[in-house]
Amino acid sequence: MPSHRVAVIAGDGIGPEVVREALKVVAAAGVALDTTEFDLGGERYLRDGEVLSDAVLDQLRSYDAIFLGAVGTPAVPPGVIERGLLLKMRFALDLYINQRPFAGTAPGHDRPHEFVVIRENTEGPYAGEGGQLRRGTPHEIATQGSVNTRHGVERCVRYAFELAASRPRRHLTLVHKTNVLTYSGDLWQRTFEEVGREFPQVGTAYNHVDAACIYFVQDPHRYDVVVTDNLFGDILTDLGGAVSGGIGLASSANLNPARTGPSMFEPVHGSAPDIAGTNRANPVAAILSAALMLDFLGESAAAATVRAACDAAPVGSTTEVGDAIASRVAAARK
Ligand code: IPM
Ligand code: MN
């Protein structure tokens, strides 16, 4: 069986602990991964100043996928690792889709929901447009623009329509704030309507982002596929995790659907330095992220087995949960 070349960035805090369990489960699923560890993250930066050089970035380009645990250490100022490592990978590798699936029973509900958020992953306020003037004076100015290109919005919206068309409910909701962000909102809305004409079989809806926050909690069943911009998607997907069993279960795929380079797979949670090294982190988000990676690598049978084994995952330590899921996966293969 051909093996897939995967660059592993275990990272900081609980990253290495959850990555270990995820790779254990992939091995139990019978998929051979040819992994290379990359020592990157906050701890590495503190040691020798390396965040992600262009040379290392070029090495990453040659892999089939990148699997990331979590990066970030309290001793590093905000933005250094986020912008220099995570966002640099998302932008330079053109990982323009951030796909985050959610399934669970929200508090106060009696039946499970299942939906997926498609977050634009290379533009919006994350693009870094803006700057500061007269910093530290009473007249200081800070601007942070939101970049929305027709190309960037359209490829994201089209991906979301294609995904919705492939799912049984065939429904797509655009989330934005068109009543206030009238320039970018107009671009998103028009693009959504125009691309939507290519998908007459997909039903559509529009929610303002503040209303979507209410529906995520009170009526999550209304959603099938949700598409939104980078910052709204960042915030909404934490809420999605919170109403779907907790952020410890939330997985994500940073995709380059054009496959001009590797895609990157990571749990939504961060490095959780407060519980690092205590064997208490939930490895399920990382394991489900590995399942997304298996799907993208064409190993859909293994991905389905892994996902099924994560249903009603046992409660326990990081290694106990990983072991239990790995043995379920192994048993399912027999
Ligand atoms: C996420 C994270 C990142 C983001 C941070 C760490 C840069 O919150 O993946 O959701 O804002 O995208
Ligand atoms: Mn986030």
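The values are calculated or read from the model by the stated rules, or taken from the named source; none is laboratory data. Only a predicted model underlies this, so the values are computations on that prediction, with no experimental measurement involved. Backbone-built Cβ (ideal geometry, glycine too); neighbour counts: all protein chains shown. With ligands, DNA and RNA removed, areas are computed over all heavy atoms of the protein, side chains included. Shrake-Rupley method; radii C 1.70, N 1.55, O 1.52, S 1.80 Å.
Tabulated values for the structure
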read-out	value
Inverse mean reciprocal Cα-Cα distance (Kirkwood Rh) of segment 3-57, Å	12.4 Å
All lysines inside 30 Å of residue 334 as judged from Cα atoms, apart from same-chain residues fewer than 8 positions distant	24
Extension reserve of the residue 330-residue 205 stretch, reckoned as 0.36 nm per residue once the Cα distance is removed	40.8 nm
With every protein chain in place, the chain: carbon and sulfur % of accessible area (1.4 Å)	53 percent
Descending semi-axes in Å of segment 59-169, equivalent ellipsoid built from Cα gyration tensor	31, 19, 19
GluC sites (Glu not before Pro) within segment 179-244, DSSP loop, no more than 12 other Cβ atoms inside 10 Å	198
Trypsin sites (Lys or Arg not before Pro) restricted to DSSP loop in segment 73-181 with at most 14 other C-beta within 10 Å	134, 135, 169
Furthest towards positive pole of dipole, 105, 16, 153, structure part the chain, Cβ charges	105
J(HN,Hα) series, segment 33-39, from Karplus relation 6.51 cos²θ - 1.76 cosθ + 1.60, nearest Hz, glycine and proline x	10, 9, 9, 10, 7, 10, 7
Shape box of the chain [Cα atoms, principal axes, largest first, Å]	54, 51, 40
Shape call, segment 98-252: gyration tensor on alpha carbons, a/c limit 1.5	oblate
Separation between Cα centres of segment 191-213 and segment 155-174, rounded to whole Å	9 Å
Positive-pole candidate from 215, 241, 202, dipole of segment 98-252, charges at beta carbon	202
Neighbour cut-off at most 12 other Cβ (10 Å), DSSP loop, trypsin sites (Lys or Arg not before Pro), segment 223-332	259
Extended-chain gain in nm, criterion 0.36 nm per residue less alpha-carbon gap, residue 170 and residue 183	1.8 nm
Probe 1.4 Å, accessible area per residue of segment 196-259, Å²	39 Å²
Rounded to the nearest 20 debye, dipole of the chain from Cβ charges on Lys, Arg, Asp, Glu	520 debye
